[in-house]
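Trainee: Before anything else, here's the structure in question.
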Amino acid sequence: VQLVESGGGLVQPGGSLRLSCAASGTFYSINTMGWYRQAPGKQRELVADITTDGSTSYADSVKGRFTISNDNAKNTVYLQMNSLKPEDTAVYYCTVVADLTYWGQGTQVTVAS
């Protein structure tokens, strides 16, 4: 099982980024895919997740700015991040909840002018 993330980088405040995470390997059954983030000196927190039937949840801090979506056929989850703020700076981790919980290696998102 492997989760490959892409799309992180440096962006100015107010800008946008789109993260992608493709899951490969043999999964017994995927229930949920999502994104967590961890800023320096802070605990890892849930950003957003989505079930295979399309139900979503978001952290209050990103509601209205981030949108999570998925492609079940490709085992891929996306995170569209708009109106980015410096406080969104963190390492973003993809996660897949199936028979076990799997984590990606993380991708850095830096919001700075």
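The values are calculated or read from the model by the stated rules, or taken from the named source; none is laboratory data. Computed from a prediction, not measured in an experiment: that's the story for all the values here. Note: ideal-geometry Cβ built from the backbone for every residue, glycine included; neighbour counts use all protein chains shown. Heavy atoms of the whole protein, side chains included, go into the accessibility calculation; ligands, DNA and RNA do not. Shrake-Rupley method; radii C 1.70, N 1.55, O 1.52, S 1.80 Å.
Trainee: Could you go through region 31-44 and let me know if any residue there is within 25 Å of A112 (Cα to Cα) and of a type in the set (F, W, Y).
Mentor: The answer is yes; a qualifying residue exists.
Trainee: Collect the residues in region 34-71 that are out of contact with any strand residue (DSSP E or B) (no Cβ under 9 Å at 6 or more places or on another chain) and within 18 Å of G104 (Cα to Cα), keeping them in residue-number order.
Mentor: Within region 34-71, just Q43 meets the criteria.
Trainee: In addition: Suppose we keep only residues that are within 13 Å of the chain's Cα centre (by Cα) and assigned to a loop (DSSP other than H, G, I, E, B) within region 11-64. Which one would you say is farthest from Y102 (Cα to Cα)?
Mentor: A59
Trainee: Scan region 73-86 for residues that are touching a residue at least 40 places away in the same chain (Cβ under 8 Å) and not in a strand (DSSP E or B) and jot them down.
Mentor: K74, N75, N82, S83, L84, K85, P86
Trainee: Pull up region 1-10, narrow it to residues that are under 14 Å from the mean Cα position of the chain (by Cα) and assigned to a loop (DSSP other than H, G, I, E, B), then point me to the one that is farthest from T76 (Cα to Cα).
Mentor: G8
Trainee: Related question: In region 87-113, how many are open to solvent by 60 Å² or more (accessible area, probe 1.4 Å) and either within 13 Å of L10 (Cα to Cα) or part of a helix (DSSP H, G or I) (or both)? Steps first, answer last, please.
Mentor: Of region 87-113, the ones open to solvent by 60 Å² or more (accessible area, probe 1.4 Å) are 87, 99-101, 103, 105, 108, 113.
Of the ones still in play, those that are also either within 13 Å of L10 (Cα to Cα) or part of a helix (DSSP H, G or I) (or both) are 87, 108, 113.
Adding up the residues that qualify gives 3.
Trainee: Out of the residues in region 30-51 meeting the condition of being touching a residue at least 40 places away in the same chain (Cβ under 8 Å) and among the β-branched types (V, I, T), tell me which one is farthest from L3 (Cα to Cα).
Mentor: By that ranking, first place goes to V47.
Trainee: Report every pair of residues separated by at least 6 positions or lying on different chains whose Cβ atoms are under 7 Å apart, first residue within region 52-71 and open to solvent by 60 Å² or more (accessible area, probe 1.4 Å), second of a type outside the set (D, E, K, R) and outside any strand (DSSP E or B).
Mentor: T52/I30; T52/N31; T52/N72
Trainee: For the subset of region 72-86 comprising residues that are open to solvent by 10 Å² or more (accessible area, probe 1.4 Å) and more than 15 Å from V4 (Cβ to Cβ), which member is nearest to the chain's Cα centre (by Cα)?
Mentor: Checking each candidate, the answer is Q80.
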